[in-house]
Amino acid sequence: MKSPLLSLPGAVSAEGVDEGVAAHYGDLFREQRALAGGTGFVDLSHRGVVTVTGDDRLAWLHLLLTQHVSELPAGRATEALILSAHGHIEHVLYLVDDGTTVWAHVEPGTQDALIAYLESMKFFYRVEVADRTADFAVVHLPAGSITEVPEGVVVRETAYARDLFLPRADLESFAAQHGPAAGLLAYEALRVEHHRPRLGFETDHRTIPHELGWIGTAVHLQKGCYRGQETVARVQNLGKPPRRLVFLHLDGSDVHLPVPGTDIRLADEGADGRKVGFVTTSARHHELGPVALALVKRNVPADAPLLAGETAAAQEVVVEP
């Protein structure tokens, strides 16, 4: 869905899965500094919005998700995964319950597959699942924002943001009152800085939660059974994940950022050395310069200098080896 905020001055559309909202509004670093300082907002209206209503909604979701939600208090934000039978990540849901309805936003274009799965698991439970993407837009307010939330709007509040489920018809008037808008590139740069993984960026078809540091934040280790739990428990109790998420400080002398998928090698083996990982997201940060997230093999030494393509990279541990 194309956002009406693409008509704002300077707006340049994002590409790929984020097409439909602004990548930036003409000044990437100014937009980053505004978000880091707690001002402005980000238009995330391309994200899917799914609701679950009914008396059994929390008990039912508790059976399907990696997170403990059976007693989730109204207004408390959480995040949860849906795994395959082999423990690989299929969906990521950013949730809040408002007392009568569970609201979740998900990656753009993933809501249809998510809803199809949820519908297939309803059985006798008193629940109704709905795609509300056409009616509600996700708006991101950074930590520290003093923007007043319109009355009646559902809010998902975390330590690093407030996500509003804003009626889509109100998006333009909200922007006019609460700007300036910041683009998705600024949002992504801060996401990389804070090591927050994203489905489809830091994940591939074989990613398990341990690799990205989602144990504890999106996976509850003391809850009942769910699909993929055997893999989670086995890795947690008996082993280590095959890969780990790292944060990279990239050589700032290179003009171009390494694109997602760029091979990572050990610097001392050179550009022709063996591949030990790949870049998942890269960004230009207003203070740190060029940075990236990457997945590398678990046995890569935590202090080893790396090459992202031909770009020198120093790693910071996100997930312990």
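The values are calculated or read from the model by the stated rules, or taken from the named source; none is laboratory data. As the structure is a prediction and not an experimental result, all values here were calculated from the model. We place every Cβ from the backbone using ideal geometry, glycine too, and count neighbours over all the protein chains shown. Surface accessibility is based on the protein's heavy atoms, side chains included, excluding ligands, DNA and RNA. Shrake-Rupley method; radii C 1.70, N 1.55, O 1.52, S 1.80 Å.
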ask   = Taking the stated definitions as given, is G228 of a type in the set (G, A, S), within 27 Å of H91 (Cβ to Cβ), out of contact with any Cys (no Cβ under 6 Å at 6 or more places or on another chain) and crowded, with 23+ Cβ neighbours inside 10 Å?
value = no
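When the residues of the range 1-13 are narrowed to those that are among the aliphatic types (A, V, I, L, M) and open to solvent by 10 Å² or more (accessible area, probe 1.4 Å), which ends up nearest to T147 (Cα to Cα)?
L8
Consider T158 carefully, then state whether it is in contact with a strand residue (DSSP E or B) (Cβ under 7 Å, 6 or more places away or on another chain) and hydroxyl-bearing (S, T, Y).
Taking the combined requirement at face value, the residue does not satisfy it.
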task = Determine if the range 105-112 includes at least one residue that is within 22 Å of the chain's Cα centre (by Cα) and charged (D, E, K, R).
result = yes
remark   = Picking from V319, V279, V291, the residue that is within 30 Å of G37 (Cα to Cα), open to solvent by less than 20 Å² (accessible area, probe 1.4 Å) and part of a loop (DSSP other than H, G, I, E, B) would be V319
note = When the range 139-151 is checked residue by residue, the ones that are in contact with a Gly (Cβ under 9 Å, 6 or more places away or on another chain) and crowded, with 20+ Cβ neighbours inside 10 Å are L141, P142
ask   = Checking E211 against (1) over 26 Å from H285 (Cβ atoms); (2) in a helix (DSSP H, G or I), which test does it fail?
value = (1)
inquiry  = Every residue in the range 1-14 that is modelled with pLDDT under 95 and assigned to a strand (DSSP E or B), please.
reply    = none
query = If you scan the range 152-177, which residues turn out to be exposed (fewer than 13 other Cβ atoms within 10 Å of the Cβ), assigned to a loop (DSSP other than H, G, I, E, B) and modelled with pLDDT of 95 or more?
reply = G152
query = Residues in the range 43-50: is at least one out of contact with any Asp or Glu (no Cβ under 9 Å at 6 or more places or on another chain) and buried (at least 17 other Cβ atoms within 10 Å of the Cβ)?
reply = yes
ask   = Under 6 Å by Cβ, and 6 or more places apart or on different chains, what pairs join a residue from the range 300-312 that is over 13 Å from V276 (Cβ atoms) with one that is modelled with pLDDT of 95 or more and in a strand (DSSP E or B)?
value = T311/L250
ask   = In the range 78-110, which residues are open to solvent by less than 20 Å² (accessible area, probe 1.4 Å) and assigned to a loop (DSSP other than H, G, I, E, B)?
value = S84, G87, E107
